[in-house]
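I have placed the structure first, in the form of structure tokens, so that the comments after it can refer back to it.
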Amino acid sequence: MATLHAYFDDSADSRHEEYQAVGGLVGSSGQFDILDILWADATTNLSEPFHATDCETQHGQFEGWDKAACDALMKRLVAVIRKTDLHGVGFIVPVQEYRTVFPRSEGFDPYFLALRQTLINMAYISSPKRSIDSIGRIDVKIVCEDGPTHNVAKRIYDELKQFNGWTWGRSLAGFTAGSKRIMALQASDLIAREAYKHAANLGIRRTRKPVKALNDRLSFHLWTKQCLEYLRDNGSPTDLAFITGWGQGLTKPPQMHRFYGSTFDLT
């Protein structure tokens, strides 16, 4: 049975008050092998793993770099992602709208909703035939960056995997955490950052250069307030039966805002 690999990172503003996003890259082991080689070459002069926010703002190891040098590195890394044919995805939740609809929510709850959506989508696209049979199904292995939310993230994965009412969960074949020394997680950090920034800039600033360069390799999805209200009125962010069966109820859900990039479908 073939295996799909997906690497994800989170992104948000410094106070987690605007948007919380999950973003990353999806593809075959061979594609990620190519990424490892090209990414290592492009970042060989860095003393630490690449962080997109530090590069853009000239913080951390990029303190003392001029903006032109940081922009040039970013351009090289975006070109690396293009060469691999990996697909980038991002799922973004607007924090203020989430707090309004779910006033008792806690700090990282918008991120956990984006993560559930990510995992559900990874299971869904893992079979070209959309079949729950073993024939034609592709297992998908997930890797996320290790951090303060990893234990909850792993629990969310386990709950989805073990949820009897969702046959697509059979495609989920592993959830592990890794450090930023993994090249694929550095690249996923870049995609997650661009997903968050694209949502934050929507209708305010022009599309950023990395997103333009990867326009046919990206698929970003933004929760609208209408979708959040639909979730509240018919279930909850932790209602697995409702979330995994999104759109199959008696009332048609509002359209999720998919903005920029290609339709993400492996068929």
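Assorted remarks:
- Applying the criterion of being in contact with a Phe, Trp or Tyr (Cβ under 8 Å, 6 or more places away or on another chain) and charged (D, E, K, R) to the residues of segment 5-17, the residue that is modelled with the lowest pLDDT is D13.
- Test: G165 is small (G, A, S) and at pLDDT below 95: yes
- Within segment 114-135, the residues that satisfy the criterion of being at pLDDT 90 or above and open to solvent by less than 10 Å² (accessible area, probe 1.4 Å) are A114, L115, T118, L119, M122, A123.
- The single condition from (1) free of Cβ contacts under 8 Å to residues at least 60 places away in the same chain; (2) within 25 Å of D13 (Cβ to Cβ); (3) out of contact with any Leu (no Cβ under 9 Å at 6 or more places or on another chain) that S47 fails is (2).
The values are calculated or read from the model by the stated rules, or taken from the named source; none is laboratory data. Given the structure is predicted, the values throughout are model-derived calculations rather than measurements. When we count neighbours, we look across all protein chains shown, and the Cβ atoms used for this are built from the backbone with ideal geometry, even at glycine. These area figures cover heavy atoms from the full protein model, side chains too; ligands, DNA and RNA do not enter into them. Shrake-Rupley method; radii C 1.70, N 1.55, O 1.52, S 1.80 Å.
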